[in-house]
Amino acid sequence: MAARKPAAKAAAIPNVAKDDLLQYYRDMLLIRRFEEKAGQLYGMGLIGGFCHLYIGQEAVVVGLEAAASKGDKRVTSYRDHGHMLACGMDPKGVMAELTGREGGYSKGKGGSMHMFSREKHFYGGHGIVAAQVPIGAGLAFADKYLGNDRVTFTYFGDGAANQGQVYETYNMAELWDLPCVFVIENNQYAMGTSTKRSTKSPSYWERGAAYGIEGEEVDGMDVLAVKDAGQRAVEYCRSGKGPYILEVKTYRYRGHSMSDPAKYRTRDEVQKMREERDCIEHVRQLLLTGEHASEDDLKSIDKEIKEIVNESAEFAKESPEPDLSELWTDIYADELPQGEPEEAA
Amino acid sequence: MATEILMPALSPTMEEGTLAKWLVKEGDEVASGDILAEIETDKATMEFEAVDEGTIGKILVPEGSEGVKVNTAIAVLLDEGESVDDVTDAAPVDDAKPAADEARGAAPEKTPARVADEHPTPQPDSSPDWPEGTEMVQQTVREALRDAMAEEMRRDDHVFVMGEEVAEYNGAYKITQGMLDEFGDKRVIDTPITEHGFTGIGVGAAFGGLRPIVEFMTFNFAMQAIDQIINSAAKTLYMSGGQMGCPIVFRGPNGAAARVGAQHSQDYAAWYASVPGLKVVQPYSASDAKGLLKTAIRDPNPVIFLENEILYGKTFDVPKLDDFTVPFGKARIWREGDDVTIVSWGIGMTYAMDAAEKLAEEGISAEVIDLRTLRPVDYDAILASVMKTNRCVTVEEGFPVASFSDHLASTIMQRAFDYLDAPVVTCTGKDVPMPYAANLEKLALTSTTEVIEAVKQVTYR
Ligand SMILES: Cc1ncc(C[n+]2csc(CCOP(=O)(O)OP(=O)(O)O)c2C)c(N)n1
Ligand SMILES: [Mg+2]
């Protein structure tokens, strides 16, 4: 089986349209600022429980969303804020879910780890490590059964990649040629356990070979490389050849969740990634050196994004807590929404 | 504008902490991500990072301070061009945000009533399951189950069945006999032996708009998949605020068969019946197997459909109707009686009916209620009957501790206490793993004799 070698380093001056580049910059920045704000609100006691920030990993979802088409689906773990923003969910609704308010995507009943949007084909938000993997394959199964050409992006972590159900799923996904892109977000840690301490074999994507699944490793700090690989994967799946694995090498800057003292890695290690490999800084430099944008242009984008995030925080503070009667609703459905959800304009 | 830096909550339970050490001093410029201070929480020492950029204008809480409440202003951050003088009267120290305290949960004054308590007087639905005069045919439970699936698959092409040996082998217990021939391998799907994985795929397919029927060779093996059943299938509607449901049926034989030992003999009814978000069906007769399975397949929620290997071959009357369904949450009264109410479901009904027959010979008139579904459960039928007979015996094959019978006994105690002339007696399996030896296995299950004894106990005979 011809698995791919890691993609060659992106050329110095990548072949990418200015508008696309600006869009990636915006999308990644929105996630970062949103997450920083969420961290703040957590610190103020407005967000409770577990809250897993995506800071550092923004290029992964932004790059892959750039490779997705209308109607494609996505499903991920509890570290899900970035995925939701990247697929176009409203920051207000996401933030208000974090604060547990009526205006949240799940009316305050799901929380940070459990949000969904039929409209945006976002299928969660799953708190059980790796549970989303067969679910993602199941979504792909449904699309294949229905005979459309949609693809499902199934995201999971390096920690999740050691769960048995991942391999049960690989087997069936390849056996049944399911149009599923398995995206391993290898941020090198599962809580406090580095991949070196949890995993004997050095690369996760290569495990697909045992099931006949093609795949590759991707530089997850480079949004263009992610998009490139994403396009290859999507094309492969859409053409009916079955699943594809992308192991995206990335890094989370913050603790696992808000209460992680992060003693398992050095400050220097984090600092080095931030200074040398930051995905937003990377695009910023491309924009500046390519003369696609001036410092002032970027400043005004920063300002716009800050406003969007501040508005979402205001909304999330002002939206009321759910009515007490909500305790007893949504346990059983009387009927399900029929047919395909409408794509927002 | 100058902003206050507040003492952060750094864990789900933190209310105050020690400001162990400042890593910046007044006048320092900081950028997002720089560490400002070390803070000791109830769990650990954490580094506290700057979110905004600016200059540290003033430190309000010195290092070494203990018991600093969350949300206390601990420093002032200045924007470009500002000076400390601009903020001389900064930061009333204990101006904790009220929202935070509220969010941390003063208990609501009054919780809404529980749904089950809403109607104090039971109003059982005693309408017949089929019109009078309907022609009946004799069918085994096995045939009835197959017909139910086949009829629903003809009716809705989103319905498909998957599981181990369901297609080419025609089902390990021959429930899917002939279905591959009729519907083809797109809709009757043999899976590898990977319960956890194919259950999750089923759940995903349901999220994606299909209506899967997942067959477990037996429910003992569904233990490998129980996470997907409970955490993914049952809870998603609630966690999504009603947006995303999971219309799926998990079915297969459950409980003791004959001489297959501890790992193949457990009755899981009580486990699943304890989970909000699931519906749980445990039919006894062939007509119920058929009518309830058709209802299960059409239901927009995840349904656990618990069959029984011993019942598969039993024959019952089934109404000959084009589209026969049985609603959930409606018990069936198999025998009317005045002296005692026997409540059972699934294979427990064989003991209940046998005992009632024998008790009648002794002049004891038992009312036998088949619950048919455990979630929703027809409390009204049970309570109305108990209010009439004043005595109740329950019959099931599950383990006795935290059994569904216990739940019924407690409900009857709470809602019909004044009507009871004797404590509710529960006949269940014994509190042991299922033994293999024939005589021990028999002893481990409940029996007609036990039911008769229980009835005599509550009727003081
Ligand atoms: C089945 C299960 N086991 C343990 C946990 C607790 N837990 C939550 S996240 C996590 C680490 C997962 O790491 P990884 O898959 O690498 O994802 P990341 O957090 O890095 O995004 C653990 C052990 C869980 N939620 N579910
Ligand atoms: Mg990880």
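From the list A:302, A:296, which one is among the charged types (D, E, K, R), at pLDDT 95 or above and open to solvent by less than 70 Å² (accessible area, probe 1.4 Å)?
On the way: A:296 fails: open to solvent by less than 70 Å² (accessible area, probe 1.4 Å).
Checking each option against the conditions leaves just A:302.
Residue-wise test of (1) in a loop (DSSP other than H, G, I, E, B); (2) within 16 Å of ligand 2 (Cβ to nearest atom); (3) among the basic types (Lys, Arg).
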site: A:46; (1), (2), (3): yes, no, no
site: A:50; (1), (2), (3): yes, yes, no
site: A:53; (1), (2), (3): yes, yes, no
site: A:61; (1), (2), (3): no, yes, no
site: A:65; (1), (2), (3): no, no, no
site: A:70; (1), (2), (3): yes, no, yes
site: A:88; (1), (2), (3): yes, no, no
site: A:92; (1), (2), (3): no, no, yes
site: A:103; (1), (2), (3): yes, no, no
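Go through segment B:167-188 and report how many residues are surrounded by 21 or more Cβ atoms within 10 Å (Cβ to Cβ) and under 28 Å from the mean Cα position of the chain (by Cα).
Of the residues in that region, 4 qualify.
Where the second residue is open to solvent by less than 60 Å² (accessible area, probe 1.4 Å) and the first is among the hydrophobic types (A, V, I, L, M, F, W, C) and lies in segment A:197-209, which pairs have Cβ atoms under 6 Å and are six or more apart or on separate chains?
Hits for this filter: A:205/A:215; A:205/A:217; A:205/A:245; A:205/A:247; A:209/A:3.
Being open to solvent by 10 Å² or more (accessible area, probe 1.4 Å), in the same structural domain as residue B:142 (by TED's automatic domain parsing) and over 30 Å from residue A:96 (Cα atoms) narrows it down to one residue among B:257, B:286; which is it?
Only one candidate qualifies: B:257.
I'd like to verify a number: residues in segment A:124-138 that are at the interface with chain B (Cβ under 8 Å from one of its Cβ atoms), of a type in the set (Gly, Ala, Ser), part of a loop (DSSP other than H, G, I, E, B) and in contact with a helix residue (DSSP H, G or I) (Cβ under 6 Å, 6 or more places away or on another chain), how many? Walk me through it before giving the result.
Filtering segment A:124-138 down to residues at the interface with chain B (Cβ under 8 Å from one of its Cβ atoms) leaves A:124-128, A:131, A:133-138.
Those still in the list that are of a type in the set (Gly, Ala, Ser) too: A:124-125, A:127, A:131, A:136-138.
Now drop any that are not part of a loop (DSSP other than H, G, I, E, B), which leaves A:127, A:131.
Okay, now just the ones that are also in contact with a helix residue (DSSP H, G or I) (Cβ under 6 Å, 6 or more places away or on another chain), so A:131.
Counting residues in segment A:124-138 that are at the interface with chain B (Cβ under 8 Å from one of its Cβ atoms), of a type in the set (Gly, Ala, Ser), part of a loop (DSSP other than H, G, I, E, B) and in contact with a helix residue (DSSP H, G or I) (Cβ under 6 Å, 6 or more places away or on another chain) gives 1.
Hey, which of the strands (runs of 3 or more DSSP E) in segment A:176-292, taking only ones fully inside, have at least 3 residues that are in contact with a Gly (Cβ under 8 Å, 6 or more places away or on another chain), within 16 Å of ligand 1 (Cβ to nearest atom) and open to solvent by less than 30 Å² (accessible area, probe 1.4 Å)?
Where strands (runs of 3 or more DSSP E) fall fully within segment A:176-292 and carry at least 3 residues being in contact with a Gly (Cβ under 8 Å, 6 or more places away or on another chain), within 16 Å of ligand 1 (Cβ to nearest atom) and open to solvent by less than 30 Å² (accessible area, probe 1.4 Å), they are A:180-186, A:244-249.
In segment B:161-200, which residues are out of contact with any strand residue (DSSP E or B) (no Cβ under 7 Å at 6 or more places or on another chain), part of a helix (DSSP H, G or I) and touching a residue at least 24 places away in the same chain (Cβ under 8 Å)?
B:182, B:183, B:195, B:196, B:200
Can you pull out every residue in segment B:353-378 that is open to solvent by less than 10 Å² (accessible area, probe 1.4 Å) and either outside any helix (DSSP H, G or I) or charged (D, E, K, R) (or both)?
Once the filter is applied, which keeps residues that are open to solvent by less than 10 Å² (accessible area, probe 1.4 Å) and either outside any helix (DSSP H, G or I) or charged (D, E, K, R) (or both), segment B:353-378 yields B:364, B:366, B:367, B:368, B:369, B:370, B:371, B:372, B:373, B:374.
Only one of these is outside any loop (DSSP other than H, G, I, E, B), within 16 Å of ligand 2 (Cβ to nearest atom) and crowded, with 24+ Cβ neighbours inside 10 Å: A:141, A:156. Name it.
A:156
Scan segment A:54-62 and give yes if some residue there is hydroxyl-bearing (Ser, Thr, Tyr) and open to solvent by 10 Å² or more (accessible area, probe 1.4 Å), otherwise no.
no
Can you name the condition, by its number, that residue B:242 falls short on among (1) in contact (Cβ under 8 Å) with a residue 60 or more places away in the chain; (2) surrounded by fewer than 24 Cβ atoms within 10 Å (Cβ to Cβ)?
All conditions are met except number (1).
Would you point out the residue of segment A:246-262, among those that are more than 8 Å from chain B (Cβ to nearest Cβ) and of a type in the set (S, T, N, Q), that is nearest to ligand 2 (Cβ to nearest atom)?
Ranking the candidates gives A:250 first.
Picking from A:121, A:83, which residue would you name as being within 16 Å of ligand 2 (Cβ to nearest atom), more than 9 Å from every other protein chain (Cβ to nearest Cβ) and open to solvent by less than 10 Å² (accessible area, probe 1.4 Å)?
Matching residue, one of A:121, A:83: A:83.
Would a scan of segment B:440-447 turn up a residue that is within 27 Å of residue B:303 (Cα to Cα) and either part of a strand (DSSP E or B) or free of Cβ contacts under 8 Å to residues at least 40 places away in the same chain (or both)?
No, segment B:440-447 contains no residue that is within 27 Å of residue B:303 (Cα to Cα) and either part of a strand (DSSP E or B) or free of Cβ contacts under 8 Å to residues at least 40 places away in the same chain (or both).
Is it the case that residue A:150 is over 17 Å from the mean Cα position of the chain (by Cα), among the basic types (Lys, Arg) and more than 18 Å from residue B:228 (Cβ to Cβ)?
yes
For segment B:128-160, which positions are touching a residue at least 12 places away in the same chain (Cβ under 8 Å), more than 17 Å from residue B:285 (Cα to Cα) and of a type in the set (Gly, Ala, Ser)?
B:150
Residues of segment B:222-255 being of a type in the set (Gly, Ala, Ser) and outside any loop (DSSP other than H, G, I, E, B), which ones?
Of segment B:222-255, the ones of a type in the set (Gly, Ala, Ser) are B:222, B:225, B:232-234, B:240-242, B:245, B:252, B:255.
Matches in segment B:222-255: B:222, B:225, B:232, B:233, B:234, B:252.
Considering A:18, A:107, A:73, which residue is more than 28 Å from residue A:288 (Cβ to Cβ), open to solvent by 10 Å² or more (accessible area, probe 1.4 Å) and away from ligand 1 (no atom under 16 Å from the Cβ)?
Numbers: A:18 fails: more than 28 Å from residue A:288 (Cβ to Cβ); A:73 fails: open to solvent by 10 Å² or more (accessible area, probe 1.4 Å).
Answer to the selection: A:107.
Being touching a strand residue (DSSP E or B) at 6+ places or on another chain (Cβ under 8 Å) and surrounded by fewer than 21 Cβ atoms within 10 Å (Cβ to Cβ) is the filter; apply it to segment B:338-352 and report the residue that is farthest from residue B:392 (Cα to Cα).
Filtering segment B:338-352 for residues that are touching a strand residue (DSSP E or B) at 6+ places or on another chain (Cβ under 8 Å) and surrounded by fewer than 21 Cβ atoms within 10 Å (Cβ to Cβ), the one farthest from residue B:392 (Cα to Cα) comes out as B:338.
Report the residue count in segment A:171-200 for those that are more than 16 Å from ligand 2 (Cβ to nearest atom) and of a type in the set (Gly, Ala, Ser).
Adding up the residues that qualify gives 1.
Can you tell which of B:28, B:34, B:42 is open to solvent by less than 50 Å² (accessible area, probe 1.4 Å) and out of contact with any Cys (no Cβ under 9 Å at 6 or more places or on another chain)?
B:28
The values are calculated or read from the model by the stated rules, or taken from the named source; none is laboratory data. Note that the structure is a prediction, hence the values are computed from the model and not measured. Note: ideal-geometry Cβ built from the backbone for every residue, glycine included; neighbour counts use all protein chains shown. For the accessible areas, the whole protein counts, side chains as well, though only heavy atoms, and no ligand, DNA or RNA atoms are used. Shrake-Rupley method; radii C 1.70, N 1.55, O 1.52, S 1.80 Å.
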